[in-house]
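Since every read-out is calculated from the coordinates, none of them should be taken as a lab result. Computed from a prediction, not measured in an experiment: that's the story for all the values here. Don't worry about glycine lacking a Cβ; one is built from the backbone with ideal geometry, like all the others, and counts go over all protein chains shown.
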Amino acid sequence: MSRPLTVAAAQLGPIAKDEPRASAVARMVAMMEKASARGAALVVFPELALTTFFPRWFMADQPAVDAWFEAEMPSADTAPLFDAARRLGIAFHLGYAEIDGPHRYNTAILVGPDGAILSKYRKVHLPGHWDDEPWRPFQHLEKRYFERGNLGFPVVDALGGRIGMCICNDRRWPETWRLMGLQDAELVCLGYNTPQHYPNAPGHDRLQDFHNHLSMQAGAYQNGTYVIGAAKAGLEEGCELIGGSAIIAPTGEIIALATTRGDEVVVADIDFDTCREIRKNIFDFAQHRQPDLYGALVDPAGGAIRKAV
Ligand code: ING
């Protein structure tokens, strides 16, 4: 049998520091309408999609930091997204900065076509640094502003398939993908804000787009899952962010690709059953994995295997 679904990646162009949430939300609703008109039943938005990528600035004052976070979801500013979901009968994935009591997370949610929150994920692999490093043309203070996610990597039954989520830097770590693959994920939704220039590796500017797709395509292929990756892209407050939003098949092939660095919707028809072509062959986990030999992968010491070599 086949389990078809039409899906969309909704890439956002730059969001200015002083752009109100309502403006970003209006842009996203317009893209939901475009995606719906093209038959999409799910739209994936970027990481921290409601505001500019604020971790690029050092802020000592916690109230100034908290102004970039959402204390409730939905709120008056974000309710139009949930209203559009119900009006259009379309699900969406949204990345945002979450306050949960004394805790702060880089969060993503999956919302159903009835506006119900079906799943929540909090970013586990937080890149960047903790303290003010003014030598950088722009900083990356996710380790300062967010706590490590505490919800694991949930995979839920939704829209006829098994859907997982991750966020940005998570996609670079194979553990992210395998933890969802072990839960039989058939679609992974993710958003990202990835600067073209990475101050720690100035020679890597030319590699950012390649590493973006390499990470998502490898994750898709090695776990037999579709991937929808949506960028916040373009020149945002002086920082050039890559685009390359893409929809990727379980074979690792890119089946839809954004070609601009602005607001852009790309759509593809998927079939969750296609995942079986991978997961019942070269990546049949039950047949071929050797987990009794993988202990070093979760050894907190980490270095044990080096001593063994
Ligand atoms: N952004 C970047 C990412 O992982 C980064 C951080 C860029 C890490 C380049 C390493 C190299 O795509 C976020 N938000 O994680």
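Local charge sum around residue 17 (other residues, Cβ-Cβ under 14 Å, Lys/Arg +1, Asp/Glu -1)? Present the calculation step by step, with values, prior to reporting the outcome.
Numbers: positive: 21, 56, 232; negative: 18, 19, 236, 237.
With Lys, Arg at +1 and Asp, Glu at -1, the neighbours total -1.
With a ≥ b ≥ c taken as the square roots of the eigenvalues of the C-alpha gyration tensor of the range 35-152, please select rounded if a/c is under 1.5 and otherwise prolate if a/b is larger than b/c or oblate if it is not?
Prolate.
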Quiz item: Per-residue HN-Hα couplings for the range 44-49, Karplus 6.51 cos²θ - 1.76 cosθ + 1.60 at θ = phi - 60°, whole Hz, x for Gly and Pro?
Solution: 9, 9, x, 5, 6, 7
Exercise. Using only the Cα atoms of the range 179-309, build the gyration tensor, take square roots of its eigenvalues as a ≥ b ≥ c, and label the shape rounded, prolate or oblate: rounded if a/c is under 1.5, else prolate if a/b is larger than b/c, else oblate.
Key: oblate
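What share of the DSSP beta bridges in the range 161-309 is antiparallel, in percent to the nearest 5?
Working: 10 of 21 bridges.
Of the beta bridges lying entirely in the range 161-309, close to 50 percent run antiparallel.
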Quiz item: Hey, fewest Cβ within 10 Å first, where do 28, 165, 1, 59 land in order?
Solution: 1, 59, 28, 165
Practice problem: Could you pull out every residue, at least 5 positions away or on a different chain, whose amide H is within less than 5 Å of the one on residue 104? Hs are placed 1.01 Å off N in the peptide plane, and Pro or chain starts have none. | Solution: 147
Exercise. Work out from phi, with θ = phi - 60° and the Karplus expression 6.51 cos²θ - 1.76 cosθ + 1.60, the ³J(HN,Hα) of each residue of the range 186-202, listed in order in whole Hz, and give x for Gly and Pro.
Key: 10, 8, 10, 9, 8, x, 8, 10, 10, x, 5, 9, 10, x, 6, 9, x
Quiz item: Which pairs in the list 17/123; 232/280; 17/232; 17/120 are over 24 Å apart, alpha-carbon to alpha-carbon?
Solution: 232/280; 17/120
Quiz prompt | Net charge, residue 238 excluded, C-beta distance under 11 Å - Lys, Arg +1, Asp, Glu -1 | solution = -1
Quiz prompt | FRET efficiency for residue 71 and residue 38, using Cβ-Cβ distance with R0 set to 45 Å, rounded to 0.05 | solution = 0.85
Quiz item: So which aspartates and glutamates pass the test for residue 143, namely a Cα distance under 19 Å, with those fewer than 8 places away in the same chain ruled out?
Solution: 47, 61, 66, 70, 98, 100, 131, 132, 133, 170
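For the pair residue 143 and residue 206, what calculated FRET efficiency results from E = 1/(1 + (r/R0)^6), where r is the Cβ-Cβ distance and R0 = 25 Å, to the nearest 0.05?
Numbers: r = 26 Å, r/R0 = 1.05.
Approximately 0.45, to the nearest 0.05.
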Practice problem: Tabulate in residue order the Karplus-calculated ³J(HN,Hα) for the range 220-230, using 6.51 cos²θ - 1.76 cosθ + 1.60 with θ = phi - 60°, rounded to whole Hz; enter x for Gly and Pro. | Solution: 5, 5, 6, 10, x, 9, 6, 9, 10, x, 10
Quiz item: In terms of modelled amide H atoms, which long-range or inter-chain residues lie less than 5 Å from the amide H of residue 270?
Solution: 5, 6, 7
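Can you tally the net charge around residue 102? Count Lys and Arg as +1, Asp and Glu as -1, for every other residue whose Cβ sits under 14 Å from the Cβ of residue 102.
Values: positive: 104; negative: 66, 98, 100, 147.
Residues close to residue 102 contribute a combined charge of -3.
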